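Comments concern the structure below.
The values are calculated or read from the model by the stated rules, or taken from the named source; none is laboratory data. Just so it is clear, the structure is predicted and the values come from calculations on it, not from any experiment. Cβ coordinates were reconstructed from backbone atoms using ideal geometry, including for glycine residues, and neighbour counts include every protein chain displayed.
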Amino acid sequence: MSWRVLQFPTSPIPCPHVLKLGGSLITSLQSGSRPELNHQLLIDCAKEIAASAQPVVVLHGTGVFGKPPALKHGYMDGRLGSGRHAVVAEVSCQLAKMEAEVLACLQEAGLHPFRLPVVSLASCTNGRLRLNKTELVSELLVRGMTPVIGGNFALDEHGFVVYSSDSIAADLAIAICAKSLVLATRAHGVYRRFGLDEEIYLHLSANDTPLIDEVDAAVHDVSGGMRKKIANGLRVAEHGIPVFIVDGRIPGNLSHAIAGHPLSGTQLRANAVATTPG
């Protein structure tokens, strides 16, 4: 019997952008509190990614597919013991249906999506989540694919733990030295006075702690809401990677953000800068 030697691509591994589509951006509750994917908005976002002609890793939140089960089953701390396998199975089935629709939308928009399950990329030891196989992302990129990762369960010593897409996006951007991290939301950026007006910060830095502390944490959000998003983004900025929190609803905003100049958004910086109204 003869064995054929597999020939792997020899072209340089591209340095990608990491773009996270927020759950509140791409999902919504319809009549009867039924969770649905916002197909057209997702397709429009994906078309901008495709048109950028840049290597991009796409992450997405779970939105109304993920948060209601966390409330219903009482794992807002993100942890489930091994005895709660029935809950994990139920939620995994729900998320798998969502993820299949996400992939279909990305493909319709002209991308070549390939889903990477969180459980194959990460593990949790001593309470700390770690990405273990980021080389899979690079291998897909060099083959012309768009890696797609959604927030989901990882394994820990005692059962399961939620690895949010915001945290994955930040950890991945650092691990692969991404060109940028773009966090697309349903907000114009980080609001100065949330709920009172539309004014945003154009920049926030690690030294703007008093301002960041005024941003309301999402009590009913296992991922921590905007404040956690800022904290994750600042971790990435500390590594010299540009980070933007942008409005994914504005046509052209994602392509401009990938180019480093969003039409509307807040840039997170490691160094101290004067915060200016948007």
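Looking only at residues that are assigned to a helix (DSSP H, G or I) and out of contact with any helix residue (DSSP H, G or I) (no Cβ under 9 Å at 6 or more places or on another chain) in segment 51-71, which one is modelled with the lowest pLDDT?
Taking the candidates together, the pick is PRO68.
Looking only at segment 71-85, residues that are within 15 Å of SER33 (Cβ to Cβ) and either among the aliphatic types (A, V, I, L, M) or in contact (Cβ under 8 Å) with a residue 24 or more places away in the chain (or both) come to 1 in all.
So that you can scan it fast, the table gives a plain yes or no per residue for (1) buried (at least 17 other Cβ atoms within 10 Å of the Cβ); (2) at pLDDT below 90; (3) of a type outside the set (Gly, Ala, Ser):
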| site | (1), (2), (3) |
| --- | --- |
| ALA169 | yes, no, no |
| ILE176 | yes, no, yes |
| LYS179 | yes, no, yes |
| PHE194 | no, yes, yes |
| SER223 | yes, yes, no |
| SER255 | yes, no, no |
| ALA274 | no, yes, no |
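Just to be sure, is ALA109 over 17 Å from the mean Cα position of the chain (by Cα), surrounded by 14 or more Cβ atoms within 10 Å (Cβ to Cβ) and farther than 30 Å from ALA259 by Cβ? Considered against the rule, which asks whether it is over 17 Å from the mean Cα position of the chain (by Cα), surrounded by 14 or more Cβ atoms within 10 Å (Cβ to Cβ) and farther than 30 Å from ALA259 by Cβ, ALA109 comes out as no. The residues of segment 86-125 that are more than 16 Å from GLY66 (Cβ to Cβ), polar (S, T, N, Q) and touching a residue at least 12 places away in the same chain (Cβ under 8 Å), listed by number, are SER120, SER123, THR125.
Across segment 127-138, the number of residues qualifying as in contact (Cβ under 8 Å) with a residue 24 or more places away in the chain, more than 16 Å from PHE153 (Cβ to Cβ) and not hydrophobic (A, V, I, L, M, F, W, C) comes to 2.
For segment 72-83, does any single residue satisfy the condition of being outside any strand (DSSP E or B) and within 18 Å of the chain's Cα centre (by Cα)? Steps first, answer last, please.
Looking only at segment 72-83, we keep the residues that are outside any strand (DSSP E or B), and these are 72-78, 82-83.
In the following step, the residues that additionally are within 18 Å of the chain's Cα centre (by Cα) were identified as 78.
The answer is yes, given that some residue of segment 72-83 is outside any strand (DSSP E or B) and within 18 Å of the chain's Cα centre (by Cα).
Looking at segment 101-123, is at least one residue hydroxyl-bearing (Ser, Thr, Tyr) and out of contact with any helix residue (DSSP H, G or I) (no Cβ under 9 Å at 6 or more places or on another chain)? Looking through segment 101-123, at least one residue is hydroxyl-bearing (Ser, Thr, Tyr) and out of contact with any helix residue (DSSP H, G or I) (no Cβ under 9 Å at 6 or more places or on another chain). For segment 140-159, the candidate set comprises residues that are free of Cβ contacts under 8 Å to residues at least 60 places away in the same chain and surrounded by 13 or more Cβ atoms within 10 Å (Cβ to Cβ); within that set, the residue that is nearest to ILE176 (Cα to Cα) is LEU140. May I ask you to list the residues in segment 60-91 that are small (Gly, Ala, Ser) and either surrounded by 18 or more Cβ atoms within 10 Å (Cβ to Cβ) or more than 16 Å from ALA154 (Cα to Cα) (or both)? If the condition is that a residue be small (Gly, Ala, Ser) and either surrounded by 18 or more Cβ atoms within 10 Å (Cβ to Cβ) or more than 16 Å from ALA154 (Cα to Cα) (or both), then GLY61, GLY63, GLY66, ALA70, GLY74, GLY78 are the ones that fit. If you go through segment 25-50 and keep only what is of a type in the set (A, V, I, L, M), part of a helix (DSSP H, G or I) and either over 17 Å from the mean Cα position of the chain (by Cα) or on the phi > 0 side of the Ramachandran plot (or both), you end up with just ALA50.
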